[in-house]
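Taking it in order: structure first as structure tokens, then the write-up.
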Amino acid sequence: MDDWQDRVDAVWADEALEPTAVIARIDELAAERPDDDAVALFERAGARDSAGVENEAEVLYRRALALGLDDERRTRATIQLASTIRNLGKTEEALALLRAEYEREPRGPLHDAAAAFYALALVSTGAPEQAASIALRALAPHLPRYTRSVTGYAREIADDSR
């Protein structure tokens, strides 16, 4: 990790900063990079997203994704964009983004995060049974016991909801 990212991470780790201060600090750091730096745009989007300035975050997430991010940041940006646009009422687009991310890499490190936000989007679109199924399938591997049973019930819920 480079010094720039370390400084960005320090801003995120500083729990004493108010959301507007996070935006200002991230913007200062982003200004050190070229205007078309996808990582800087992603960090700026995240600052606005966490501060509730979702309209601005959406534009920045889309630009960062269009310019190209490494695989982990691309996944994070997709999840965060989808969450943002779900909150902005664009639930069908959010659902499509999250479904694609959820199905893309079932063993990826952020698969469970994609599942959680996919489940939220399903609830928002009126499919709570399917949401429960997705959430339970993500949870099942983390259980100390009953993994097989919970997975089976999750599949049953999904089959019954169709």
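Among the residues of the stretch 101-118 satisfying the criterion of being assigned to a helix (DSSP H, G or I) and over 21 Å from residue 46 (Cα atoms), which is modelled with the highest pLDDT?
Among those that are assigned to a helix (DSSP H, G or I) and over 21 Å from residue 46 (Cα atoms), it is 103.
Does the stretch 119-149 hold any residues that are farther than 18 Å from residue 83 by Cβ, outside any helix (DSSP H, G or I) and aliphatic (A, V, I, L, M), and which are they?
143
Hey, among the residues in the stretch 93-138 that are among the acidic types (Asp, Glu) and over 11 Å from the mean Cα position of the chain (by Cα), which one's nearest to residue 66 (Cα to Cα)?
Selected residue: 93.
Against the conditions (1) surrounded by fewer than 17 Cβ atoms within 10 Å (Cβ to Cβ); (2) among the basic types (Lys, Arg); (3) within 29 Å of residue 57 (Cβ to Cβ), where does residue 145 fall short? Just the number, please.
For residue 145, the failing item is (3).
Kindly check whether there is at least one residue in the stretch 150-162 that is of a type in the set (A, V, I, L, M, F, W, C), touching a Lys or Arg at 6+ places or on another chain (Cβ under 6 Å), surrounded by 19 or more Cβ atoms within 10 Å (Cβ to Cβ) and assigned to a helix (DSSP H, G or I).
Yes: the stretch 150-162 contains one or more residues that are of a type in the set (A, V, I, L, M, F, W, C), touching a Lys or Arg at 6+ places or on another chain (Cβ under 6 Å), surrounded by 19 or more Cβ atoms within 10 Å (Cβ to Cβ) and assigned to a helix (DSSP H, G or I).
Tell me yes or no: at least one residue of the stretch 65-74 is surrounded by fewer than 21 Cβ atoms within 10 Å (Cβ to Cβ), in contact with a Leu (Cβ under 6 Å, 6 or more places away or on another chain) and of a type outside the set (Ser, Thr, Tyr).
No; the residues of the stretch 65-74 include none that is surrounded by fewer than 21 Cβ atoms within 10 Å (Cβ to Cβ), in contact with a Leu (Cβ under 6 Å, 6 or more places away or on another chain) and of a type outside the set (Ser, Thr, Tyr).
May I ask you to list the residues in the stretch 70-92 that are under 14 Å from the mean Cα position of the chain (by Cα) and either of a type outside the set (Val, Ile, Thr) or not in a helix (DSSP H, G or I) (or both)?
If the condition is that a residue be under 14 Å from the mean Cα position of the chain (by Cα) and either of a type outside the set (Val, Ile, Thr) or not in a helix (DSSP H, G or I) (or both), then 71, 72, 73, 74, 76, 77, 80, 81, 82, 83, 86, 87 are the ones that fit.
Name the residue, out of 13, 31, 40, that is hydrophobic (A, V, I, L, M, F, W, C) and more than 21 Å from residue 72 (Cα to Cα).
Result: 31 is the single residue among 13, 31, 40 that is hydrophobic (A, V, I, L, M, F, W, C) and more than 21 Å from residue 72 (Cα to Cα).
So, in the stretch 102-142, of the ones that are of a type in the set (Val, Ile, Thr) and open to solvent by less than 70 Å² (accessible area, probe 1.4 Å), which residue ends up nearest to residue 90 (Cα to Cα)?
By that ranking, first place goes to 125.
Could you list all residues from the stretch 1-21 that are exposed (fewer than 12 other Cβ atoms within 10 Å of the Cβ) and closer than 19 Å to residue 51 by Cβ?
Across the stretch 1-21, the qualifying residues are 10, 13, 14, 15, 16, 18, 20.
Are any residues in the stretch 33-69 in a loop (DSSP other than H, G, I, E, B), in contact with a Pro (Cβ under 9 Å, 6 or more places away or on another chain) and of a type in the set (Gly, Ala, Ser), and if so, which ones?
51, 52
The values are calculated or read from the model by the stated rules, or taken from the named source; none is laboratory data. In this text the structure is predicted, and so the values were computed from the model without any measurement. Here the Cβ is made from the backbone with ideal geometry for all residues, glycine too, and neighbour counts use every protein chain on show. Remember, those area values only see protein heavy atoms, side chains included, never the ligands or the DNA or RNA. Shrake-Rupley method; radii C 1.70, N 1.55, O 1.52, S 1.80 Å.
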